[in-house]
């Protein structure tokens, strides 16, 4: 557990850099989290992040397949938005826990 | 995050030589799991594993109900091998396995292959086994990138931090 400063705000993150409290999330924090991985967030990225946040709130199991069926982006597009980690990076920027998912 | 100085895995080359549900899905889950983590994945299907990428067979893969000591009935009750020999049991058990997997969002084989290639993974078929089973490239799913000899496949398995996995 560590405290980091994103967008001028103190944010509690775990060892892997995931936010501990999703309710503290803001778009500005997401932008800075993404910058750490070298990704510039666009509106399309935010649509995915909002989808993940809503699904997480409902307690759904998150998989790339689910995102692919969300109507926002297909799986190939998801890889293009979040290269090298379609689920691990998108969930990180969405301020939700890392999904315990193999799919 | 690991605190040791291990350098991360960069590439997995997975060889699948069997055509049962569990062997095929183990292969697909490992390959998909790799690309999801940003690890390069190359998959080589050979012998009965070819069923997983053959259009005609890929929807029909089954789990063995004979000679499978880990096989149990729901609730953990014993499942004597002799039951597995009854016609229809293998199909029933296989359908049950698949329905359980779909509940966990595991896609059918064809869609799984598409997920892997969407992430940059590559799927290959073994030339020798293709010849043996009299299969042509047209018999294979569209996501199969090519038909290779094992030597050609090894040629794609180079580089630091690469692992070859045989399922």
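So here's what we get for this one:
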quantity	calculated
Residues (more than 14 Å from chain B (Cβ to nearest Cβ) and within 16 Å of residue A:52 (Cβ to Cβ)) located in region A:8-23	A:19, A:21, A:22, A:23
Test for residue A:77: is it over 12 Å from the mean Cα position of the chain (by Cα), at pLDDT 95 or above, within 14 Å of chain B (Cβ to nearest Cβ) and closer than 23 Å to residue A:3 by Cα	no
Region B:116-141, residues that are under 19 Å from residue B:10 (Cα atoms) and outside any strand (DSSP E or B)	B:116, B:117, B:118, B:119, B:120, B:121
Considering residues of region A:88-103 that are within 11 Å of another protein chain (Cβ to nearest Cβ) and without any contact (Cβ under 8 Å) to a residue 12 or more places away in the chain only, the residue surrounded by the fewest Cβ atoms within 10 Å (Cβ to Cβ)	A:102
Selection count where residues are in a helix (DSSP H, G or I) and under 23 Å from residue B:54 (Cα atoms), scope region B:64-99	10
Tally, over region B:45-84, of residues that are surrounded by fewer than 12 Cβ atoms within 10 Å (Cβ to Cβ) and modelled with pLDDT under 95	12
Residue list for region B:6-24, filter: closer than 25 Å to residue A:82 by Cα and either within 14 Å of chain A (Cβ to nearest Cβ) or touching a helix residue (DSSP H, G or I) at 6+ places or on another chain (Cβ under 8 Å) (or both)	B:8, B:9, B:10, B:11, B:12, B:13, B:14
Condition check for residue A:85: outside any helix (DSSP H, G or I), more than 10 Å from every other protein chain (Cβ to nearest Cβ) and either more than 12 Å from the chain's Cα centre (by Cα) or within 19 Å of residue B:112 (Cα to Cα) (or both)	no
Tally, over region B:85-106, of residues that are within 14 Å of another protein chain (Cβ to nearest Cβ) and crowded, with 19+ Cβ neighbours inside 10 Å	1
Tally, over region A:14-29, of residues that are without any contact (Cβ under 8 Å) to a residue 40 or more places away in the chain and in a helix (DSSP H, G or I)	3
Qualifying positions in region B:26-41 - surrounded by fewer than 23 Cβ atoms within 10 Å (Cβ to Cβ) and in contact (Cβ under 8 Å) with a residue 40 or more places away in the chain	B:26, B:29, B:30, B:40
Candidates B:34, B:41 - the one that is touching a strand residue (DSSP E or B) at 6+ places or on another chain (Cβ under 6 Å), within 12 Å of chain A (Cβ to nearest Cβ), under 30 Å from residue B:151 (Cα atoms) and outside any loop (DSSP other than H, G, I, E, B)	B:34
Search result, residues across region A:30-64 that are within 14 Å of another protein chain (Cβ to nearest Cβ), surrounded by fewer than 18 Cβ atoms within 10 Å (Cβ to Cβ) and in a helix (DSSP H, G or I)	A:36
Any hit, region B:74-94, residues being under 28 Å from residue A:101 (Cβ atoms) and under 17 Å from the mean Cα position of the chain (by Cα)	yes
Of the criteria (1) within 11 Å of chain A (Cβ to nearest Cβ); (2) at pLDDT 95 or above, which one residue B:3 fails	(2)
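The values are calculated or read from the model by the stated rules, or taken from the named source; none is laboratory data. Nothing here was measured: the structure is a model prediction, and the numbers come from that model. A quick note on method: Cβ atoms are made from the backbone with ideal geometry, for glycine too, and the neighbour counts reach across all protein chains shown.
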